[in-house]
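Trainee: Sharing a structure, written as structure tokens. Questions coming.
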Protein chains: 2
Amino acid sequence: MSDLEIRPALLEDLPAIVAMLADDPLGTQRESPDDLIPYTAAFEQLAKDPRQHQVVAVLGNRVVGTLQLTIIAGLSRRGSTRSIIEGVRIHADERGSGLGTRLIEWAIDESRRQNCQLVQLTSDASRTEAHQFYERLGFGASHVGFKMSI
Amino acid sequence: MSDLEIRPALLEDLPAIVAMLADDPLGTQRESPDDLIPYTAAFEQLAKDPRQHQVVAVLGNRVVGTLQLTIIAGLSRRGSTRSIIEGVRIHADERGSGLGTRLIEWAIDESRRQNCQLVQLTSDASRTEAHQFYERLGFGASHVGFKMSI
């Protein structure tokens with residue numbers, strides 16, 4: 001994987017990103033890869049926000065992974081800045097290859113570069129393999145994640 | 001509580017906010033209410049970001065509650081915008097009065113006004129009373145929250 005590149009996502013990467021979001025036990029129920037209009041609107045919001053980093057992992061010329069890193073200032077913990085990782089996806093052909101580790105390590109390194117003191121993410125309670133993955137990388141399962149659709 | 005006001009925090013509210021962050025079983029170990037310098041720097045970051053809403057609840061002329069609401073665009077869930085609630089605190093004199101419910105309901109309403117489709121938060125695994133509180137308000141404890149200090 002020596003030619004792996006992790007770079008900001010471009011609009012032309014959007015079909016590959018959405019296909020990965022949808023190719024997932026939970027994503028298959030809530031994504032619409034045949035209708036990119038809502039994703040394009042969201043992508044434009046992300047692109048103009050300097051605190052948002054939607055990135056892709058590229059191997060050869062193929063988009064094989066993605067995640068969203070958001071930098072959030074805050075008062076808690078003596079004015080700590082934290083980063084939040086969302087929407088981590090690895091292409092089915094590349095799962096188990098170490099690519100997920102590379103992507104998350106990139107996110108941690110980028111969080112340090114942006115002077116964050118804390119990196120956090122939530123993972124659906126059903127994703128038990130993902131939980132072990134994050135714990136191996138040094139995350140602690142210290143919190144309960146609450147969500148409400150509105 | 002008919003004269004309760006929920007409004008954007010001002011710099012002059014910062015001592016009261018930090019005192020509430022610190023008056024908490026976890027906050028007492030990680031906050032420094034006697035040194036406001038790091039909080040002031042963070043407050044300035046929040047004040048210039050239109051996606052950040054640090055608010056206070058005011059009763060009479062007293063600051064009796066606070067939370068941070070952050071609006072985050074994203075690609076997942078058909079380009080959903082989500083909000084994240086952080087740093088919820090109620091003054092010790094007002095706990096159990098329904099003020100926490102009012103503050104969280106404000107955050108949910110504001111999230112709707114900002115076209116969010118999802119509201120989320122994480123709560124330390126030790127805060128079992130808070131978990132019941134959020135479930136009563138309609139949140140689902142659907143996720144595991146991972147954090148890493150860096």
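The values are calculated or read from the model by the stated rules, or taken from the named source; none is laboratory data. Just so it is clear, the structure is predicted and the values come from calculations on it, not from any experiment. Note that we place each Cβ from the backbone using ideal geometry, even for glycine, and neighbour counts take in every protein chain shown. Remember, those area values only see protein heavy atoms, side chains included, never the ligands or the DNA or RNA. Shrake-Rupley method; radii C 1.70, N 1.55, O 1.52, S 1.80 Å.
Trainee: Can you list, shortest first and in nm, the gaps between the label point of residue B:140 and those of its counterparts in the other copies, using a point 7 Å from Cα in the C-beta direction?
Mentor: 2.9
Trainee: For residue A:134, what is the net charge nearby, where nearby means another residue's Cβ is under 11 Å from its Cβ and Lys, Arg count +1, Asp, Glu -1?
Mentor: Here the count lands on +1.
Trainee: Something else about it: Trypsin sites (Lys or Arg not before Pro) within region B:1-58: which are DSSP loop residues with at most 16 other Cβ atoms inside 10 Å?
Mentor: In loop regions of region B:1-58 (DSSP not H, G, I, E or B), the sparsely surrounded trypsin sites (Lys or Arg not before Pro) are B:48.
Trainee: State whether region A:38-150 is rounded, prolate or oblate according to the following rule on the C-alpha gyration tensor (a ≥ b ≥ c being the square roots of its eigenvalues): a/c under 1.5 gives rounded; otherwise a/b larger than b/c gives prolate, and the remaining case gives oblate.
Mentor: Rounded.
Trainee: If r is the Cβ-Cβ distance from residue B:40 to residue B:95 and R0 is 25 Å, what FRET efficiency results, to the nearest 0.05?
Mentor: Details: r = 27 Å, r/R0 = 1.08.
Step by step, r from the Cβ atoms, then E = 0.40.
Trainee: What whole number of Å gives the distance from the Cα centroid of region B:29-64 to the Cα centroid of region A:36-110?
Mentor: Taking the Cα centre of region B:29-64 as reference, the centre of region A:36-110 is 28 Å away.
Trainee: So, with +1 on the Cβ of K and R and -1 on the Cβ of D and E, and no other charges, what is the size of the charge dipole of the protein assembly as shown about its Cα centre, to the nearest 20 debye?
Mentor: 60
Trainee: Distances longer than 29 Å among the Cα atoms of the protein assembly as shown: what percent of all pairs is that?
Mentor: Everything past 29 Å amounts to 34 percent.
Trainee: With a 10 Å cut-off between alpha carbons and a GNM built on chain B, which of B:16, B:92, B:125 moves the most?
Mentor: B:125
Trainee: Tell me the accessible surface of residue A:97 in square angstrom (1.4 angstrom probe, heavy atoms of protein chains only), to the nearest ten.
Mentor: Near enough 50 Å² of accessible area.
Trainee: Ok, one more. Whole-Hz Karplus ³J(HN,Hα) for region A:138-147, in order, using 6.51 cos²θ - 1.76 cosθ + 1.60 and θ = phi - 60°, x for Gly and Pro?
Mentor: x, 7, x, 7, 8, 10, 9, x, 9, 9
Trainee: Which value, in debye to the nearest 20, describes the size of the charge dipole of region B:4-136 about its Cα centre when Lys and Arg Cβ atoms bear +1, Asp and Glu Cβ atoms bear -1, and nothing else is charged?
Mentor: Working: 15 positive and 19 negative charges, 156 e Å.
Its charge dipole is roughly 760 debye.
Trainee: Under 5 Å between amide H atoms, partner at least 5 residues away or on a different chain: which partners does residue A:65 have, H built in plane at 1.01 Å?
Mentor: Here A:57, A:91 satisfy the definition.
Trainee: For residue A:7 and residue B:48, what does the FRET efficiency come to when R0 = 22 Å and r is the distance between their Cβ atoms, rounded to the nearest 0.05?
Mentor: So the FRET efficiency works out to roughly 0.20.
Trainee: Using a Gaussian network model on chain A with a 10 Å cutoff between Cα atoms, which of A:98, A:138, A:27 fluctuates the most?
Mentor: Comparing A:98, A:138, A:27 in a Gaussian network model of chain A, the most mobile one is A:138.
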